[in-house]
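Read through the structure below, which is laid out as structure tokens, and then see the notes.
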């Protein structure tokens, strides 16, 4: 889970690094079709937990996005190359930024960086049903892109079980910390028991069902709506090959929507979103075991947000952390509050 990409501006040190990356970078200038790096102005855009983002503005008025990577949530040596490869694989969807340049050598500033097209648009408004349906169509287009034969994206044999195991590892880190609260451990452990039961009861998916390119962090701020009402999906830091149910459950989860809004989807609203999604898929791939596995995905994706927040709470108390986002620090305690955990229990576990 990555907070909204523009929830904070890059630090002055990050901006200096970005400018050093551009200065004298002839290969970058050639990739962007400008006469030289001096034609590019670097402006701050946004900062998440693991990347700092900047606008590159060319003298001819074109704009690009420079992403500088500080850490890998997936534990990869070449995080930025991994993201670039995902964007190349998804180019035919028409829903993602165009990848233009990548440098994973870390030779210029000690960090990997990529440049992609600048996507125009504003964050999706989750209270606008038309925009929510458009988000469903955007996900359908992305999920319908066939992964290339040489696709190097991570793939789990059973994505649902793997996701639950990842949640457990995150929560283990919290439980081992001096910051862990007894109430939180008891309540979240209860949710783990129920989620494990649902995962064990779910049918085994076919290999084809586990071959879709997923964003895995379908937060509202990753959906930009342009002036025509068309949605694009940005921020492809953690793509994997897996089941479409994972992205859909993540998008609909209260743990996702409350990060950027006050919206919690009702059962009818969730049903309308799924209806719009499958209508947009239009038979481009089969539904398979989606309906049988989706309830378990709803449970597990609720745990994704909760356990990520518990783990991040511990990380944020580490003075050596390279990037710090004040919005994140303010929101984290909500996710393991008694009131919110009760809401999650009712909405994502009891209602199924």
remark   = Of the stretch 49-69, those with amide N under 17 Å from the point 7 Å along the Cα→Cβ vector of residue 330 are 49
Cut-off 16 Å, label 7 Å out along Cα→Cβ of residue 31, residues of the stretch 57-79 by amide N = 57-58, 63-70, 78-79
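For the chain, what is the mean residue ellipticity at 222 nm derived from helices alone (per DSSP H run of n ≥ 4: -39500 (n - 2.57); sum divided by total residues; nearest 500 deg cm²/dmol)?
On the way: 12 runs with 155 residues, N = 352.
Rounded to the nearest 500, the figure is -14000 deg cm²/dmol.
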For the stretch 12-117: relative contact order, % (alpha-carbon pairs under 8 angstrom, 6 or more apart) = 22
query = Which FRET efficiency value, to the nearest 0.05, is calculated for residue 316 and residue 230 with the Förster distance at 45 angstrom and r the Cβ-Cβ distance?
reply = 0.80
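In nm, what is the difference between 0.36 nm times the number of residues separating residue 179 and residue 152 and their Cα-Cα distance?
Difference between extended and current length: 6.0 nm.
From Cα pairs below 8 angstrom and at least 6 apart in sequence, can you work out the relative contact order of the chain, rounded to a whole percent?
Relative contact order comes out at 19 percent.
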Alpha-carbon centroids, the stretch 221-279 and the stretch 104-155: separation in whole Å = 12
note = quick shape note, the chain: Cα extents on principal axes in Å, largest first -> 60, 51, 37
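Computed from the coordinates by the stated procedures, all read-outs in this text should not be read as laboratory data. Here the structure is a predicted model, which is why all the values come from computation and not from measurement. Quick reminder, even Gly has a Cβ in these numbers, built from the backbone with ideal geometry, and neighbours come from all protein chains shown.
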